[in-house]
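One structure is given here, and the rest of the page talks about it.
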Amino acid sequence: MKVVVHVDGGSRGNPGPAAAAAVVSSPDGEVLDEAAVAFGVATNNVAEYRGLLLGLERAKALGATDVEVVNDSELIAHQVNGRYKVKHPDMKPLYTQAMAALGEFSSWKVRPVRREHNTAADALVNQALDSAKYS
């Protein structure tokens with residue numbers, strides 16, 4: 001089964017309170033699943049990786065075998081596609097986890113889009129941040 005997974009992550013403050021979200025859809029756009037989680041303080045890039053991992057986890061749970069990931073982070077997309085190296089120590093383990101998760105699919109693709117083409121996942125991130133309670 002092929003799915004399209006829109007993922008996003010964000011923090012308010014960079015670093016600051018952070019959240020990640022994913023929307024899993026069929027190739028024709030039918031939403032199959034969505035999830036968002038606030039997880040404490042992190043940078044935007046760490047939150048973007050957490051969004052990718054969340055999306056891959058949800059796609060796998062639905063039985064997806066082929067996944068197309070859409071995100072609004074060129075950095076993350078180019079890192080997992082091998083165009084950029086991962087240099088930041090906080091992102092290296094997340095990159096390793098993401099590559100392992102992607103490897104569990106028969107085929108995968110990760111592509112960046114402009115923010116306005118990732119509105120559903122972006123909205124979920126903001127909802128999670130708005131409703132989170134940080135001490």
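A few remarks follow.
- ILE76 satisfies every condition listed in (1) of a type in the set (Val, Ile, Thr); (2) over 20 Å from ALA36 (Cα atoms); (3) without any contact (Cβ under 8 Å) to a residue 40 or more places away in the chain except (2).
- For ALA47: the one exception among (1) under 14 Å from the mean Cα position of the chain (by Cα); (2) more than 16 Å from PRO93 (Cβ to Cβ); (3) touching a residue at least 60 places away in the same chain (Cβ under 8 Å): (2)
- Residue within region 114-121 that is over 21 Å from PRO17 (Cα atoms) and not in a helix (DSSP H, G or I) present: yes
- Out of ASP72, ASP66, ASP33, ASP90, one residue alone is in contact with a Lys or Arg (Cβ under 7 Å, 6 or more places away or on another chain), over 20 Å from ALA120 (Cα atoms) and among the acidic types (Asp, Glu). It is ASP66.
- Lone qualifier among GLU57, GLU30 - being surrounded by fewer than 19 Cβ atoms within 10 Å (Cβ to Cβ) and closer than 13 Å to LYS2 by Cα: GLU30
- Residues within region 118-135 that are at pLDDT below 95 and under 19 Å from ALA77 (Cβ atoms), tallied: 0
- Number of the condition not met by ALA100 [criteria: (1) surrounded by fewer than 14 Cβ atoms within 10 Å (Cβ to Cβ); (2) of a type in the set (A, V, I, L, M); (3) in contact with a strand residue (DSSP E or B) (Cβ under 6 Å, 6 or more places away or on another chain)]: (3)
- Sub-8 Å Cβ pairs linking a first residue in region 107-120 that is touching a residue at least 60 places away in the same chain (Cβ under 8 Å) and among the hydrophobic types (A, V, I, L, M, F, W, C) to a second residue that is surrounded by fewer than 13 Cβ atoms within 10 Å (Cβ to Cβ) and assigned to a strand (DSSP E or B), at least 6 apart or interchain, are ALA120/VAL31, ordered by first then second residue.
The values are calculated or read from the model by the stated rules, or taken from the named source; none is laboratory data. Keep in mind it's a predicted model, so treat the numbers as computed, not measured. Note: ideal-geometry Cβ built from the backbone for every residue, glycine included; neighbour counts use all protein chains shown.
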